[in-house]
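The values are calculated or read from the model by the stated rules, or taken from the named source; none is laboratory data. Model, not experiment: these values are computed from the prediction. Cβ atoms come from the backbone with ideal geometry, glycine included; neighbour counts cover every protein chain shown. Accessible surface areas use protein heavy atoms only, side chains included; no ligands, DNA or RNA. Shrake-Rupley method; radii C 1.70, N 1.55, O 1.52, S 1.80 Å.
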Amino acid sequence: MKIMVAVKRVIDYAVKIRVKSDKTGVETSNIKMSMNPFCEIGLEEALRIKEAGLASEVIAVSMGSGQCVDTLRTGLAMGADRAIHVDTKDVMLYPLSVAKLLKKLVDLEKPGLLILGKQAIDDDCNQTGQMVAGLLKWPQGTFASKKKDTSFFGKDREWLRFNVRSSVEDPYLLMVVLDKEKQVVTVDREVDGGLETLCLDLPAVITTDLRLNQPRYATLPNIMKAKSKVIKKVTPEELGVEINKSDLEIVQVTEPPKRKAGVIVSSVDELIDKLKNEANVI
């Protein structure tokens, strides 16, 4: 079974965002870019599933300008077998367009599982996974996330549900559980009331949350090997997808207002007075 993982190139999470002077967007020139953290977690989970012997191939997919190739090489260095770049030049992509492109790639590659990050840290849309599941008419398990403490198993770290050995030593186990015989996948997902367990028929779409796993670091030998790997390049036209102008229009991008400095109160009475008369919250 193949697993396809969508990865997105975004401004690195540690970089301070600067708004352009004309307020049309944020500065991306000479800014460090990296793989979207949610996508990185999705790729890590796919690699763990493969290491457990439940998948034959992991395919990383990215869409955008030629610079997305760098993100795909990071995915290859982490352990992905192949990579596909959908070259959309500098056209702004919105969730529905990405979902349509992913559907076409799924039709071509026929993976048994499509994994995406639940959202990107640049636009925070949290829509693509749900949209592509609707277009494919596949079941979906969104916000896949679960932390399991294995300390009560003592020294028996071999308990990992499928005896998975990751290159990273961490207490997060394989939480997207596949049953090849029954052709189902079990996902623990976060909801308002806690955790919900879903059992989905394959093929399925899964979006990953932050607490699912801890992504591995790419080793230097794998980084060097990834540089020589061929990345398949396709265009929206070749896939038969027309990238239409979105119904969304960015009117203006501004920085949030700076927070006012806090004050220290000398008594509970003073605190209550400020909350009541200045903040108007009680």
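Of 264, 240, 223, whose Cα points farthest to the positive end of the dipole of the stretch 222-281 (charges on the beta-carbon: +1 Lys, Arg; -1 Asp, Glu; origin at the Cα centre)?
The listed residue farthest towards the positive side: 223.
Exposed loop sites here are GluC sites (Glu not before Pro) in DSSP loop states with at most 11 other C-beta atoms within 10 Å. What is the longest stretch of the chain lacking them?
1-168
Would you calculate, for the chain, the mean residue ellipticity at 222 nm contributed by helices, counting each DSSP H stretch of 4 or more residues as -39,500 (n - 2.57) and dividing by all residues, to the nearest 500?
-7500 deg cm²/dmol
Using a 1.4 Å probe on the protein heavy atoms, what percent of the accessible area of the stretch 30-150 belongs to carbon and sulfur?
That fraction is 49 percent.
Counting other Cβ atoms within 10 Å of each Cβ, which trypsin sites (Lys or Arg not before Pro) in the stretch 179-282 have at most 11 and sit in a DSSP loop?
182, 245, 258, 259, 260
Check cross-link reach from residue 20 to the aspartates and glutamates: straight Cα distance under 12 Å, and skip same-chain residues fewer than eight apart.
Of all the aspartates and glutamates, those that pass the test against residue 20 - Cα under 12 Å, at least 8 places apart if same chain - are 255.
Answer rounded, prolate or oblate for the stretch 182-256, using the Cα gyration tensor with square roots of eigenvalues a ≥ b ≥ c: rounded when a/c is under 1.5, else prolate when a/b is larger than b/c, else oblate.
Judged from the Cα gyration tensor, the stretch 182-256 comes out rounded (a/c under 1.5).
Classify the chain as rounded, prolate or oblate from the Cα gyration tensor: take a ≥ b ≥ c as the square roots of its eigenvalues, call it rounded if a/c is under 1.5, otherwise prolate when a/b beats b/c and oblate if not.
Oblate shape, in that a/c is at least 1.5 and b/c is the bigger or equal ratio.
Take the chain, connect every pair of alpha-carbon atoms lying under 10 Å apart with a spring to form a Gaussian network, then pick out the residue of 78, 224, 33 with the largest mean-square fluctuation.
Checking each option, the largest mean-square fluctuation is seen for 224.
Roll a 1.4 Å probe over the protein chains and send me the accessible area per residue for the chain in Å².
Computed with neighbouring chains in place, this is 58 Å² per residue.
Within the stretch 49-99, which trypsin sites (Lys or Arg not before Pro) sit in a loop by DSSP and count at most 13 neighbouring Cβ atoms inside 10 Å?
Those satisfying the criteria are 89.
When the dipole is taken about the Cα centre of the stretch 1-149, and only Lys, Arg (+1) and Asp, Glu (-1) are charged at their Cβ, what size is it in debye, to the nearest 20?
220 debye
Measuring from centroid to centroid over Cα atoms, what is the spacing of the stretch 238-272 and the stretch 1-16 in Å?
For the stretch 238-272 versus the stretch 1-16, the Cα centre distance is 23 Å.
Beyond 30 Å between alpha-carbons counts as too far, so tell me which of 118/245; 32/225; 32/137 fall in that bin.
As for pairs spanning more than 30 Å Cα to Cα, those are 32/137.
How about residue 227: which aspartates and glutamates have a C-alpha closer than 17 Å to its C-alpha, ignoring those fewer than 8 places off in the same chain?
70, 81
Straight-line reach only, C-alpha to C-alpha below 15 angstrom: list the aspartates and glutamates that residue 260 could link to, leaving out same-chain residues fewer than 8 apart.
In chain and number order, the partners are 278.
On the accessible surface of the stretch 217-273, probed at 1.4 Å, how many percent belong to carbon and sulfur atoms?
56 percent
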